[in-house]
Amino acid sequence: MPSDRYKFLLATDSSANPRSFPAAMSVRLEETYPYLLREAFKDSVFYQLSFGNITTEDLLSQPMAYLTHWEPDFIIVQSGLADCRPEAFSELEKRVIERLPGAIFGKLKRNIQNPKIVRRRQIYRVPPQSFRKTLKKFKMVFSKSKIYWLEICAAPGYEQDRPGIGSRLAEYNKIIKEVYGGGFVCLQEGILQVDGFNRDHQHWLRQAHRLAADELIAKIRAAVSLESCVVAR
């Protein structure tokens, strides 16, 4: 792997994207951590896949289907919040609600994310065992790549919108640590320290992106340096 040119695959949820609202908390493309990584590794090739409100299985099915032959040197994944957050209704129930007559549909739609219903029902969008299965499969498919998985993060205020999210974050982050070990990138405490969460308690401000970029750059350079030492021997 030692070289001046690497192949990077980034598979992320919407937190890696720029954000224009609210205006006072906007993040430009140039301030996102994927862009900052490009700046740090200018001679490298990057492929980025970022989607909002997508499960990890759906997100990672794309590179597993189309990019295995590319054999990226480094893979960075930021995903899991959509999997673990407590829901008021299951995906099947949501589809049924969408087919209901107008008046009934409207009333139920307004309660799709009602915190009171979320607290009472605590529906799993993706069960822990399914999440673990996806992570292990991805690791097996890209066994030649160095994979870094960013900690699933949310501000404490998100608990008001999604009661139970705190324990879910701990549960799913533990799974990531168990599957990827040293590839797990701790960020939650650092983002809180730099006041890096958007008003929605999920998305990142520029200082959080800078923090994530610095952590990743340090880990990647350390991995490259270690590999260079091994080759030199």
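The values are calculated or read from the model by the stated rules, or taken from the named source; none is laboratory data. Being a predicted model, the structure only gives us computed values, none of them experimental. Neighbour counts are summed over all protein chains in view; Cβ atoms, including those assigned to glycine, are modelled from backbone coordinates with ideal geometry.
Might you let me know whether the range 178-197 holds any residue that is β-branched (Val, Ile, Thr) and over 19 Å from residue 33 (Cα atoms)?
Yes, that holds for at least one residue.
Scanning the range 193-233 for residues that are β-branched (Val, Ile, Thr) and over 30 Å from residue 23 (Cβ atoms), which turns out modelled with the highest pLDDT?
220
Within the range 1-49, track down each residue that is closer than 23 Å to residue 199 by Cβ, in contact with a Pro (Cβ under 8 Å, 6 or more places away or on another chain) and crowded, with 18+ Cβ neighbours inside 10 Å.
Answer for the range 1-49, where residues must be closer than 23 Å to residue 199 by Cβ, in contact with a Pro (Cβ under 8 Å, 6 or more places away or on another chain) and crowded, with 18+ Cβ neighbours inside 10 Å: 12, 16, 27, 31, 32.
Condition first: under 24 Å from residue 28 (Cβ atoms), assigned to a loop (DSSP other than H, G, I, E, B) and of a type outside the set (Asp, Glu). Now tell me which residues in the range 161-203 satisfy that.
187, 194, 196, 198, 199, 201, 202, 203
For the range 33-52, which positions are in a helix (DSSP H, G or I) and in contact with a strand residue (DSSP E or B) (Cβ under 9 Å, 6 or more places away or on another chain)?
Matches in the range 33-52: 33, 34, 37, 38.
Step by step: first the residues of the range 1-32, then only those that are touching a Phe, Trp or Tyr at 6+ places or on another chain (Cβ under 8 Å), not in a strand (DSSP E or B) and not small (Gly, Ala, Ser), then the one that is farthest from residue 82 (Cα to Cα). Which residue is that?
6
Here's a check for you: in the range 127-160, which residue that is in a strand (DSSP E or B) and of a type outside the set (A, V, I, L, M) is nearest to residue 78 (Cα to Cα)?
Taking the candidates together, the pick is 149.
Could you list, in sequence order, all residues of the range 1-32 that are within 16 Å of residue 147 (Cβ to Cβ) and of a type in the set (Ser, Thr, Tyr)?
Matches in the range 1-32: 6, 12.
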